[in-house]
Amino acid sequence: MAEPDILVNFDLAPAANGFGASSSINGIRGGRWKDRFRAKKRLQNKRKPSFLDADGNQKSTNTKSHSNQKSDTPVGPDHDRSSVGRSKFGNEHGGAPKPNHDQPIISSIFSSNPAPVTKIEKTGTEDSAPAIPTNAPLKDGSAFSTMGLAPALASHLVNNMNISAPTSIQQIAVPQLISSDSDAFIQAETGSGKTLTYLLPLVHRIYTATLNGDKLHRDSGCFAVILAPTRELGRQIYTVLMQLLSHPSLHWLVPILILGGEKKKSEKARIRKGGNILVATPGRLADHLSNTTSLNVGLVKWLVLDEGDRLMELGFEETLQQILTALNERAQKGPSNKSLANIGLPDRRITVLCSATMKASVQKLGDMSLKDALYLKSNQKSEATGDGSKSFQAPAQLKQAYIVSPAKLRLVTLAGILRRAFIRKKEHMKVIVFFSCADSVDFHYETFRKTEDKEQDKPVSDTSSDEEQDEEDESEETEVVEVEKKKPKRPSLAAKSTAPLIDPAVSLFKLHGSLAQHIRTTTLNDFFHEKDGAVLFCTDVASRGLDLPNVDLVVQYDPPYSQEDYIHRIGRTARAGRDGRALLFLLPGCEESYPSQVLGEQHLTRRLADEVLKKGFGNAPLPGVSKNVDPSWKRDFMPKTSGAKWEQEAIEFHLDVERRVLASDEFSNIAKRAFQSHIRAYATHVAAEREIFDIKQLHLGHIAKSFGLRERPGDIKVPARGKSGAVASSSAKRKLDSIDTNGDETQETQDEEELRKAAQMMRKKMREHMNIASEFNIG
Ligand SMILES: Nc1ncnc2c1ncn2[C@@H]1O[C@H](COP(=O)(O)OP(=O)(O)OP(=O)(O)O)[C@@H](O)[C@H]1O
């Protein structure tokens with residue numbers, strides 16, 4: 001955990017006069033923990049009591065004047081202090097102050113914010129002309145009918161699927177995969193139609209094989225296996241496959257979908273009936289290969305590994321190896337149906353690996369599964385790079401931007417962006433916002449849906465984990481696509497609400513790996529079909545492969561964990577030649593180097609935080625924000641600002657969230673969990689990026705503020721999961737306490753060596769926390 005900040009946030013006696021500090025220690029306010037650490041040491045040596053300012057910064061007590069103090073705690077001494085949430089810093093009688101950790105920290109979101117460290121050279125506007133799309137269907141006269149596809153299939157695409165011309169990768173790869181029996185690695189931009197790129201050749205070849213030989217049936221055997229890393233992606237591939245197979249000449253070809261989280265019994269029944277193309281997640285397929293004798297894979301001629309790098313990242317390497325071994329063993333026994341030999345299917349099993357990005361894990365998977373593979377790559381040139389040679393290029397028409405927002409302004413900035421987005425364009429518009437962890441998704445969902453209406457959707461229960469890890473759980477009432485069609489109508493189980501704080505007409509959804517599978521499925525389905533404006537708050541569970549229509553904007557509220565994740569997240573917009581915008585949130589300071597150091601190949605423009613807030617809050621009053629905030633609150637806690645309407649509106653918005661957190665144990669617990677998980681997730685950035693996402697630079701007080709929390713970070717008691725309302729003493733808090741009170745760790749020296757050791761120790765502790773994967777709810 002981010003103990004460094006806690007070093008100064010703990011166990012420091014408040015000042016005799018809560019408003020008495022005119023300056024921070026040695027002029028240091030906020031800033032790096034190291035500086036505050038040193039300041040604290042110096043102060044301890046002088047044995048002077050000190051206290052925290054409203055932002056969790058340390059203040060000395062040796063001055064009574066507060067004339068120079070920036071109005072962080074705009075609370076006058078004569079104000080009534082009895083209300084919940086009022087500041088009670090100080091001791092009116094001037095006696096020795098006692099630490100009072102029960103008191104919340106009240107501060108303005110607009111004060112004490114660190115300024116950006118980089119110069120603003122070029123700012124972006126939302127209205128500049130889009131570049132020529134690089135993942136669009138070709139307009140050079142290319143047609144599916146000239147690519148070697150069976151005429152029935154080519155006309156089916158045009159007439160029934162509304163797909164008239166191939167994309168660049170389709171034009172390159174489809175003919176090669178039709179004519180060659182080589183393995184292949186397909187790499188092309190997000191949204192460039194890779195799914196059809198591998199489905200078309202294999203469906204074509206199975207189809208033409210049946211023209212040459214006996215009619216095949218669903219129980220003739222399985223010819224192709226397609227593996228997807230997530231259930232959502234598996235379902236999506238299955239849907240595209242169903243559309244392709246809906247052609248009358250292909251009705252006999254039966255696809256089967258087998259996914260983690262689904263009922264194994266019903267899957268077994270479907271496998272027994274037979275199917276020719278299997279779409280699966282790896283864990284569940286491996287399970288069936290071991291336990292379902294009726295699964296006939298002796299004839300498998302294609303193995304497709306979609307989102308190959310993600311399959312590896314999720315730890316499926318061993319499972320994939322098992323699958324490959326099982327397929328090899330059964331193939332060696334020869335086709336189980338002799339009459340199928342020599343009908344035109346490939347002699348050997350073809351493996352196709354697919355990804356929008358190329359990284360070491362994909363290469364490893366390639367080494368494991370491919371032999372003399374063709375490397376099939378889109379040759380669409382990006383204006384940005386000119387030669388199309390970059391391996392991490394986003395579609396050229398996708399407008400990428402970033403915003404440097406101080407921690408305390410993050411929440412209102414997000415609100416401003418979302419409001420603005422729907423003021424500009426309402427109908428059909430969809431926005432996806434990525435968060436680092438499930439708890440943060442939950443908090444922001446609760447924040448923006450702002451229900452005081454008890455009838456509104458209840459919090460959804462957390463019953464299953466991300467991806468496939470909970471595949472053994474058969475207790476869930478989940479259905480596969482075939483069954484869904486027959487279900488009687490019932491109220492949707494989607495994690496969906498209205499979003500009055502954005503726009504009353506906008507629907508808000510949330511998606512993460514801790515939601516039960518049936519809720520995930522329904523949520524995605526409802527978001528997909530939403531006709532009006534919609535916002536999806538999600539984790540990276542929605543970053544790969546998902547093809548959701550009309551997504552105009554992708555916001556990365558928390559930065560991604562790798563360059564590849566960045567590309568995949570933003571790739572949820574600007575698909576198949578459409579426009580799209582992406583916005584990345586960064587904190588002032590070392591994070592500002594992220595675009596140049598990590599995303600060098602991308603072209604991000606910078607948007608100004610002030611501009612965003614002005615646009616989001618400057619027009620109409622927020623419809624959902626309570627205007628019944630106690631006027632004395634406003635008097636006490638709304639600092640003197642420039643007086644601009646947008647500032648006042650933003651402050652009202654934030655105060656309203658804080659008020660709701662204070663007023664509800666349930667919401668407060670959600671906020672605390674989110675804060676804790678957010679910090680922990682932050683510490684999991686890859687080692688190479690740790691200087692950019694440096695946990696030691698985080699100002700925990702400010703981060704807590706962005707979760708509507710007023711407690712000092714070290715006083716935040718994170719409730720035990722699952723026991724609503726019950727607040728358990730968090731282990732994190734104990735550990736943090738021990739850092740502050742353990743003399744071995746804090747008393748001795750002020751020199752650099754000591755500091756270095758402290759930093760090392762804290763990093764180690766962080767890693768220990770991080771290893772307890774279940775403790776923080778990422779996914
Ligand atoms: N030739 C085409 N013309 C128009 N639309 C197409 C064409 N091919 C595919 N599409 C559409 O483009 C969208 C993206 O396709 P797909 O999901 O296969 O992309 P992808 O390259 O796999 O993306 P990602 O890398 O994000 O997984 C889908 O809506 C699909 O229907």
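Residues that are closer than 16 Å to Leu604 by Cα, within 12 Å of the ligand (Cβ to nearest atom) and buried (at least 24 other Cβ atoms within 10 Å of the Cβ) within the stretch 536-566 comprise just one, Val554. In the condition set (1) modelled with pLDDT under 90; (2) basic (Lys, Arg); (3) surrounded by 15 or more Cβ atoms within 10 Å (Cβ to Cβ), Arg673 is compliant with all but (1).
How many residues does the stretch 280-293 contain that are free of Cβ contacts under 8 Å to residues at least 60 places away in the same chain and under 25 Å from the mean Cα position of the chain (by Cα)?
The qualifying residues number 1.
Run down Leu177, Leu196, Leu233, Leu200 and say which single residue is closer than 17 Å to Gly148 by Cβ and touching a Lys or Arg at 6+ places or on another chain (Cβ under 9 Å).
Numbers: Leu196 fails: touching a Lys or Arg at 6+ places or on another chain (Cβ under 9 Å); Leu233 fails: closer than 17 Å to Gly148 by Cβ; Leu200 fails: touching a Lys or Arg at 6+ places or on another chain (Cβ under 9 Å).
From the options Leu177, Leu196, Leu233, Leu200, the qualifying one is Leu177.
Ile237 passes every criterion in (1) among the hydrophobic types (A, V, I, L, M, F, W, C); (2) away from the ligand (no atom under 11 Å from the Cβ); (3) within 24 Å of Arg272 (Cβ to Cβ) apart from (2). Restricting attention to the stretch 512-562, report how many residues are farther than 25 Å from Thr197 by Cα and part of a loop (DSSP other than H, G, I, E, B). So the answer is 15.
When His156 is tested against (1) at pLDDT 90 or above; (2) buried (at least 19 other Cβ atoms within 10 Å of the Cβ); (3) more than 16 Å from the ligand (Cβ to nearest atom), just one condition goes unmet, and that condition is (3).
Hydrophobic (A, V, I, L, M, F, W, C), open to solvent by 20 Å² or more (accessible area, probe 1.4 Å) and within 11 Å of the ligand (Cβ to nearest atom), is that true of Ile163?
Details: hydrophobic (A, V, I, L, M, F, W, C): yes; open to solvent by 20 Å² or more (accessible area, probe 1.4 Å): yes; within 11 Å of the ligand (Cβ to nearest atom): yes.
When the stated conditions are applied, Ile163 passes them.
Evaluated against (1) crowded, with 18+ Cβ neighbours inside 10 Å; (2) at negative phi; (3) touching a strand residue (DSSP E or B) at 6+ places or on another chain (Cβ under 9 Å), Glu611 falls short on exactly one condition, (1).
Scanning the stretch 185-225 for residues that are within 15 Å of the ligand (Cβ to nearest atom) and assigned to a loop (DSSP other than H, G, I, E, B) yields Ala188, Glu189, Thr190, Gly191, Ser192, Gly193. Condition first: away from the ligand (no atom under 13 Å from the Cβ) and β-branched (Val, Ile, Thr). Can you find one or more residues in the stretch 569-584 that meet it? Checked against the condition, which is being away from the ligand (no atom under 13 Å from the Cβ) and β-branched (Val, Ile, Thr), the stretch 569-584 yields no hits at all. Checked against the criteria, Leu253 counts as open to solvent by less than 10 Å² (accessible area, probe 1.4 Å) and either away from the ligand (no atom under 16 Å from the Cβ) or modelled with pLDDT under 90 (or both). Output the residues belonging to the stretch 517-535 that are in contact with a Gly (Cβ under 9 Å, 6 or more places away or on another chain) and either surrounded by fewer than 22 Cβ atoms within 10 Å (Cβ to Cβ) or closer than 11 Å to Ile432 by Cβ (or both). Within the stretch 517-535, just His518 meets the criteria.
Consider the stretch 172-184 and keep the residues that are small (Gly, Ala, Ser) and open to solvent by less than 10 Å² (accessible area, probe 1.4 Å). The one that is farthest from the ligand (Cβ to nearest atom) is Ala184. The single condition among (1) under 13 Å from Asp547 (Cβ atoms); (2) open to solvent by 10 Å² or more (accessible area, probe 1.4 Å) that Tyr238 does not satisfy is (2).
The helices (runs of 4 or more DSSP H) found wholly in the stretch 267-368 and carrying at least 3 residues that are at pLDDT 90 or above and either out of contact with any strand residue (DSSP E or B) (no Cβ under 7 Å at 6 or more places or on another chain) or under 30 Å from Ile570 (Cβ atoms) (or both) occupy 282-291, 317-332.
With the requirement that a residue be modelled with pLDDT of 85 or more and touching a Gly at 6+ places or on another chain (Cβ under 8 Å), what does the stretch 378-411 give you?
Residues satisfying the conditions are Ala394, Pro395, Gln397, Leu398, Lys399, Ala401, Leu411.
Apart from one condition, Asn100 fits all of (1) under 30 Å from Leu202 (Cα atoms); (2) at pLDDT below 75; (3) not hydrophobic (A, V, I, L, M, F, W, C); the exception is (1).
Looking at Pro229, Pro248, just one residue is of a type outside the set (D, E, K, R) and either open to solvent by 10 Å² or more (accessible area, probe 1.4 Å) or without any contact (Cβ under 8 Å) to a residue 60 or more places away in the chain (or both), and that residue is Pro248. Would you check which residues across the stretch 507-552 are of a type in the set (A, V, I, L, M) and over 14 Å from the mean Cα position of the chain (by Cα) and list them? The answer is Leu508, Leu515, Ala516, Ile519, Leu524, Ala534, Leu548, Val551. Taking the stretch 134-148 as the range and being surrounded by fewer than 20 Cβ atoms within 10 Å (Cβ to Cβ) and near the ligand (Cβ under 9 Å from one of its atoms) as the test, the residues that pass are Pro137, Leu138. Before we move on, is Arg572 basic (Lys, Arg) and surrounded by 24 or more Cβ atoms within 10 Å (Cβ to Cβ)? Spelling it out, Arg572 is indeed basic (Lys, Arg) and surrounded by 24 or more Cβ atoms within 10 Å (Cβ to Cβ). Name the residue that is farthest from the chain's Cα centre (by Cα), counting only residues in the stretch 258-270 that are open to solvent by less than 10 Å² (accessible area, probe 1.4 Å) and on the phi < 0 side of the Ramachandran plot. Filtering the stretch 258-270 for residues that are open to solvent by less than 10 Å² (accessible area, probe 1.4 Å) and on the phi < 0 side of the Ramachandran plot, the one farthest from the chain's Cα centre (by Cα) comes out as Glu267.
The values are calculated or read from the model by the stated rules, or taken from the named source; none is laboratory data. Only a predicted model underlies this, so the values are computations on that prediction, with no experimental measurement involved. Virtual Cβ from ideal backbone geometry, glycine too; neighbours counted across all protein chains shown. To get the accessible areas, we keep the full protein, side chains included, count just its heavy atoms, and leave off ligands, DNA and RNA. Shrake-Rupley method; radii C 1.70, N 1.55, O 1.52, S 1.80 Å.
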